[in-house]
Each structure stands twice: as structure tokens, then as C-alpha cells.
1. Mind putting together the pair-distance distribution for the stretch 318-480? All Cα pairs, 10 Å bins, whole percent per bin, short to long.
2. Sequence gap at least 6, Cα distance under 8 Å: using those rules, report the relative contact order of the chain to the nearest whole percent.
3. Could you sort the peptides 425-434, 288-297 by per-residue average Cβ neighbour count (10 Å cutoff), highest mean leading?
4. Taking other Cβ within 10 Å of each residue's Cβ, how do LYS669, LYS241 sort, fewest first?
5. Counting other C-beta atoms within 10 Å, and keeping those with at most 16, which DSSP coil GluC sites (Glu not before Pro) do you find in the stretch 694-738?
6. I'd like the trypsin sites (Lys or Arg not before Pro) in the stretch 434-468 restricted to DSSP loop residues with at most 11 other Cβ atoms within 10 Å, sorted by number.
7. If I take all pairs of Cα atoms in the stretch 495-743, what percentage of them are more than 24 Å from each other?
8. To one decimal place, what Kirkwood hydrodynamic radius in Å is obtained for the stretch 186-307 from all pairs of distinct Cα atoms?
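Since every read-out is calculated from the coordinates, none of them should be taken as a lab result. Everything numeric here is computed off the predicted structure, so don't read it as measured data. Neighbour counts are summed over all protein chains in view; Cβ atoms, including those assigned to glycine, are modelled from backbone coordinates with ideal geometry.
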Amino acid sequence: MNEVQAERLLDVQQTLISQIALGTSQKECLERIASEIEYLIALPDVFCSILILEGSCLKSGAAPSLDADYCAAIEGVKIGPNVGSCGTAAFKKKSVYVSSISTDPLWTDYKELALKAGLRACWSVPIIASYGDVLGTFALYFGHERDVDKESIRLVKRFCNLASLVMERDVNESKSKALHQALKHNSHRFESFAQAMPDLVLIFDEDGNYADIYGSQPDSLILPSSLLKGRNLSDVMPPAKSMSMMNVIRQCLVEKTRTVFEYDLDVQEGPRSFEARISPIPHYNPDYPERGHVIWVATDVTERKRADDTIRKLSFYDAVTSLPNRRLLKERLALQVRKASDRGLNGGILYLDLNDFKRINDTVGASGGDLMIVEVAKRIADELDLRDSLARVGGDDFVILLDQMSPNLKAFSNSVTTAAAKVLSVFDERFKVADNWFRVTARIGISLFGHEHIAPEKLINQAESAMYRAKELGERVVFFDSSVQEAQVERIHMEYDLERALENHEISVFYQPQVNGVGRVVGFEALMRWQHPERGFVSPLEFIPLAEQLGIIPELQELVLRHVCGLIRVLEASKKLAPDFRVAVNISACQFSKDDFETALLDIISGFNVPPSRLTLEITEGTVLENIDNAIIQMQNLQSLGFDMSIDDFGTGYSSLAYLQKLPVNEIKIDKSFVDDIELSDTGRSIVDVIIYLSRQLGCRVVAEGVEKDSQTEYLVGKSVDVLQGYHFARPMPIETLMPWIDEQPTSIETPLAKRA
């Protein structure tokens with residue numbers, strides 16, 4: 001569940017609890033619940049249905065968007081073991097998730113009706129009362145076949161609980177009304193009804209004396225019933241409590257209407273909360289018919305109130321640290337902004353984020369990470385003034401709202417900087433979590449406000465933007481700058497677009513030919529390209545780091561590998577591949593380090609029946625340096641399977657001969673930056689010469705990339721470089737251009753180039 005959904009859900013919960021307490025009709029409450037879940041799931045073909053179980057039949061409760069004819073057709077359907085999703089869920093008292101109405105046997109008798117209404121899937125959850133009875137069903141229909149997902153079901157169950165509160169309230173009211181009706185028509189049956197009630201039933205006379213006591217909850221009484229009957233409220237309760245109850249009794253008798261009263265009381269089983277419905281009973285005592293009496297039906301609502309308190313707490317406080325959450329922070333910040341604006345003062349907030357917190361979570365697990373967050377919060381709180389507000393607004397993100405304000409902006413800025421340094425000092429000492437010691441660092445972004453009203457959310461976003469800027473610059477503290485935020489917003493848009501680029505088929509694969517010293521094509525390098533619908537081609541240097549942060553590199557890597565394997569199969573079928581022809585594929589650092597990378601790679605190539613010898617896996621020097629021991633093991637495994645291993649961007653990662661000689665490498669690529677320097681200086685040529693010499697000593701092929709000029713080509717060919725690649729020979733091409741280009745070659749791909757692109 002994302003943050004927007006969570007805030008909306010909390011708002012709905014609070015609103016519905018208020019409506020329930022105010023007696024809003026069941027239909028109105030259920031319609032609101034159904035509409036809200038349709039809004040939150042945000043699919044054009046999702047429809048919510050809430051059905052109420054009456055006896056053994058399901059009746060309509062709410063279905064704001066569902067086809068009216070369909071609703072009418074299923075009205076009053078009898079539940080059973082094979083009655084669609086809802087009838088089965090109510091009968092079996094457990095959730096039923098049907099992904100395909102057209103094929104699921106539960107829908108055999110109803111599928112034509114559903115399909116005609118455009119319904120293809122239905123997930124149904126039974127609505128269970130607190131005392132265990134089925135009250136109805138809560139269902140989501142979809143206009144397309146859809147497998148169940150945990151996030152949607154979690155949302156359904158949240159709203160199902162709200163529906164249960166609404167429906168149970170009406171069931172209790174119906175029971176109470178039935179009891180009152182029975183009293184009016186047949187007083188001699190009163191005791192038997194009352195004894196069967198799950199609530200406590202008390203009869204008080206007009207003076208507050210206990211006249212009769214019924215019900216199945218004796219522990220909910222302040223004293224045993226044998227000691228209460230005939231005694232007065234003032235005899236057994238504190239004065240304030242007995243007086244408030246007497247006021248309710250008198251009001252009920254005077255106004256002759258039902259009254260609802262909530263109260264807390266220490267009873268035999270401990271402190272409990274009750275909700276009482278009080279109604280007058282005329283002529284209760286036939287011996288004294290003129291004496292007024294009331295029936296006091298007390299429901300124990302302790303657990304419900306605790307749930308309400310929990311909801312309120314979740315609405316405003318973080319569950320892990322008990323600190324104010326983003327919602328409460330925004331309320332406090334709004335007051336501070338108004339105060340600053342009205343009084344001509346300057347105020348500020350600090351946005352703090354821990355560096356590399358994922359490393360801690362990976363080491364000690366999520367529970368250990370929570371312990372770390374709690375300790376961080378405690379240390380920060382110890383350094384703040386008592387009136388400052390510390391809030392947790394994300395996983396490892398905190399915001400500090402300073403109580404201090406000043407009319408002097410320069411002096412205030414210095415003061416805020418000092419406060420930030422004081423907060424950061426808490427990270428000077430290491431943290432101990434689960435017997436592990438961690439050195440933790442943090443960055444702080446600062447946003448100031450003053451003479452104008454500004455939205456709290458905007459201020460928080462500004463401070464967060466400044467924090468990210470601090471990370472980029474390697475600074476500990478940075479003040480917000482509007483131009484930097486614009487760049488951050490642009491980045492956010494790019495992330496959003498990239499997440500959808502795969503499903504929109506905007507990511508494609510280009511191929512750049514590689515030639516040997518006599519101009520013969522000996523391979524291709526596969527390169528990812530992103531054709532943005534508005535921005536045009538986006539450089540891989542820009543979107544690959546974003547993809548790594550978003551965690552979609554595996555999907556991109558799989559797309560490239562499948563494309564490459566498909567190309568190899570086509571070329572093999574056309575007899576255009578020489579035995580040693582290979583396609584080079586760049587492997588991201590985050591993907592190479594994964595334990596399942598080798599398995600995923602083999603699964604793809606085996607699916608296409610492509611031998612590993614056709615692929616050269618290029619990893620950057622920086623990837624190797626991140627964890628050289630693991631890299632060596634991984635490379636040895638891949639090489640033993642038949643893959644060629646290549647070091648890309650060689651010489652740019654502070655190479656060391658001590659590790660270079662250990663690497664199981666078949667190929668070394670000279671980076672374009674060194675190729676460019678060939679014409680510029682003797683030093684540039686010397687560096688290239690050294691790389692070539694080292695490669696020869698290690699028995700590796702040498703590939704020079706970024707070759708663009710005749711002079712570079714002549715120099716590299718003169719040095720017996722094995723493979724050359726660059727615009728001088730051919731630009732990267734999409735598959736649509738590559739295939740005709742291949743067909744232009746006289747016999748096979750390992751023949752002289754017909755012409756240069």
C-alpha cells in the first residue's frame with residue numbers, strides 16, 4: 001500500500017467511525033465503503049459488491065458501480081458450497097478468490113449471467129461479526145481475468161473490517177429493537193429474552209435503584225447481581241459516576257425517548273468501556289404502575305474503543321518509534337507556518353536520512369533495522385529542545401520541526417546550521433544492534449519558511465530535495481535551493497516514465513558491429529536504447545542508474561538477453577555465423593552480484609537453445625572492484641560454462657596488477673577515452689600501448705571501442721589490436737536496420753564489410 005492509499009484509508013476509517021457513532025444509515029455507510037475501495041484500487045473495470053446475509057440468503061447491501069440487472073438477478077440467492085464466489089464464501093466462512101469466472105467450477109450455474117454483465121473475475125471475503133457469525137460478503141469484481149495479489153486483498157480486508165462494524169451495529173440495534181418490542185407485547189417473556197442477550201440488561205427505577213438484572217455477562221457488573229438488586233447507584237459507584245448515570249435516567253424518563261450513553265467503569269473483570277442504550281418502560285412494576293423505570297442495555301465496547309484508539313494512533317503516530325508521523329507533522333507545521341507568517345518570523349525544518357540503511361537491514365533483518373531506527377530516534381530526541389517536534393516520515397527518514405523562530409534570517413540560518421550539526425553529532429558513536437556494531441552516517445536537508453503561507457507538504461518536499469542534494473555533493477548539510485528541486489522533480493518524472501517504459505515497449509536493443517584488423521565483422525555489442533515518447537532517445541548513462549535504483553535491472557537484462565538469443569537463432573538458421581562469432585552483452589553491477597544471476601542467465605539461453613560460447617558477458621572494472629573475491633568466483637563459474645568474460649572500461653577504475661592477474665578474463669576493452677587520446681599526446685598512446693601489452697601477457701583479446709577516425713584505426717591495427725568498434729565502422733543499429741545490413745554482406749558475417757555506416 002502506498003502512502004496516498006494509506007492516508008486515504010485512514011481518513012475513510014475515521015469518517016466511518018464517526019458516522020457509525022452518529023447513527024448514519026447502514027446503506028449510506030456501505031455505499032461509502034464500496035465507493036472508496038473502487039477509488040483506491042483505481043482500475044476502470046473494478047466493481048465492489050457488499051451483500052448482507054439474511055437467514056441463508058444474500059441481499060444487496062451496496063454496489064455503486066455494478067450492473068443493475070446483474071444485482072437484481074442475484075438478489076436473494078441462497079448460499080451453498082458452489083454458489084459463485086460470494087455464496088460459497090458465506091457458506092464456507094472463508095475467502096474465495098476466483099481469477100476466471102468462465103472456467104472456475106464454482107461459477108458453473110452463474111457464469112453466463114456474470115459474463116453477460118462484463119464480469120470476468122471475483123474475489124469474495126466473508127464479513128464476520130466479533131462473535132463469529134457471518135454477516136455478509138465483501139467482493140471485488142473485475143472486467144478482466146485477474147490473479148489475486150496480496151496488496152489488493154490487504155486493502156479488501158481493511159474495508160471488510162469497516163463493513164463489519166457497520167453491519168454489526170445494525171444487527172445489535174435490531175436485537176435491541178426486538179427486545180423492546182417483546183417487552184411491549186409480552187412482558188412475561190422479557191426475562192427469557194434478556195437472559196439470551198449477549199449484553200448486560202439492567203432495569204433502573206426513577207431514583208436509580210437496581211430493579212432487575214439480566215444478561216449473560218455477570219462479570220460486567222460492578223458487584224455480583226445478588227448484592228446489587230435493590231441498591232442505589234450512589235451506594236456502589238463514585239459520586240461523579242452515579243450522578244452522570246442518574247442524569248441520563250431522568251432525561252430518558254422526562255423526554256420519553258431512547259438515549260445512548262457511553263461510560264467507563266471498573267467492574268469485576270477490570271476497567272471496561274460500555275455503550276448503553278436507555279429506553280423508558282411504562283408500567284414496569286404492576287404494583288406501582290406510576291413509578292418510572294428504564295431499561296439499560298449495556299454493550300461492552302472496550303475492544304472496539306481500543307481498536308478506535310489504535311486507528312487514531314496509527315493516523316498520527318509511527319508504529320515503530322511512536323513518534324509523530326507525516327500526517328501529524330503536517331498539522332503542526334501548518335500551525336508553525338501560520339505563526340511565522342503572522343508575526344514576521346523565520347522558521348525551519350530539518351529532513352534527515354540515514355546513509356546506506358539497506359546494508360543494516362540486510363545484515364540484521366527488518367526487526368533489527370527497526371531496533372536501529374528506534375535507537376536513532378532516541379538519540380536525536382535527546383539532542384533536541386523539549387518544544388521541537390521529531391517525526392518519522394519514512395523508513396529511515398526523520399523530520400525535525402524547530403520550535404525556535406527569529407525575525408533575523410541570517411542569524412536564524414546560523415542557528416539552524418548549529419542545530420543540524422548537533423543532531424548529526426549523535427552519529428559520532430557506533431550503534432549496537434543484535435550483537436553487531438554499525439557505523440552510521442546521515443545527511444540533512446534544511447527548508448526555511450517565513451513571511452508567506454506555504455503548504456506543509458511543499459516545505460517537507462523542499463527539505464527532502466535539499467537532503468538528496470547533500471548526498472549528491474557529499475555534504476552533511478544543505479539548504480534548499482529551488483533550482484535543485486526542479487532537477488529532482490525532473491528525476492522523479494523520469495523514474496515514473498522508466499517504470500512504465502518496459503510495459504509500453506519503449507526499451508529496445510541496438511547492435512554495433514565489431515571488426516577485426518582486416519575489417520571483417522566478428523561480432524556485435526548489444527546496447528539498450530530507450531525511445532521516450534516525448535523526450536526522444538534517452539542516454540543509457542542517464543536511465544541505467546535509475547533502473548538500478550528502481551530495481552528493474554533484472555527485467556531490462558532479461559529483455560536484452562532474449563533479444564540477443566533470438567537474433568543468434570535467426571543468424572544461425574541463415575548460416576551467417578562463423579564459429580567464433582559472439583554477441584557482447586553488458587551486465588549491470590547490481591545484477592552480476594545477485595546469487596541467482598547465473599541460474600537466470602542459463603534459463604534464458606537454454607530456452608532459445610543458444611550455446612554460452614556465442615555470448616561475451618561484459619562487466620565494468622568498477623563492478624569487479626566492488627567485491628573482487630566474489631567477482632572472481634562468479635566469473636570462473638560463468639567461464640567454465642562456456643561464456644566469454646570481458647572487462648569493459650578498462651583502466652578507468654584504478655586497476656591494480658595484483659588483482660588483474662587473478663581475473664578469469666577472455667577479453668579486455670580499451671575505453672573510448674583512451675582511444676581519443678591516441679592523437680592528442682605521446683602519453684595517450686603510451687597508455688594504450690601498456691593496456692595492449694598487459695592484455696597480451698594475460699592471454700586476452702584486446703577490443704578498442706569508440707574508434708572514429710582513420711588515424712586511430714591505423715594506429716590500433718598497427719599494434720595488432722584484435723577487435724575494433726566505433727562509428728568509423730558502423731553505428732549501433734536496431735534490428736530492423738541490422739538485418740538488411742547483414743544481408744548486404746557477401747557470404748557471412750565474417751567477411752569484409754560491404755560498406756561503412
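1. 11, 41, 35, 11, 3, 0
2. Numbers: 1240 pairs, mean separation 47.2, N = 757.
Once normalised by length, the contact order is 6 percent.
3. Numbers: 425-434: 14.0, 288-297: 18.2.
For the peptides 425-434, 288-297, the packing ranking is 288-297, 425-434.
4. Working: LYS669 28, LYS241 17.
Listed from fewest to most nearby Cβ atoms, that is LYS241, LYS669.
5. Numbers: sites: GLU705, GLU708, GLU714, GLU736; in loops: GLU708.
For GluC sites (Glu not before Pro) across the stretch 694-738 that sit outside H, G, I, E and B with at most 16 neighbouring Cβ atoms in 10 Å, the list reads GLU708.
6. Working: sites: ARG439, ARG443, LYS458; in loops: ARG439.
Within the stretch 434-468, the qualifying trypsin sites (Lys or Arg not before Pro) (loop, at most 11 other Cβ atoms within 10 Å) are ARG439.
7. Working: 14742 of 30876 pairs.
Taking all Cα-Cα pairs of the stretch 495-743, the fraction more than 24 Å apart is 48 percent.
8. On the way: mean 1/r = 0.0683 Å⁻¹.
After inverting the pairwise mean of 1/r, the radius is 14.6 Å.
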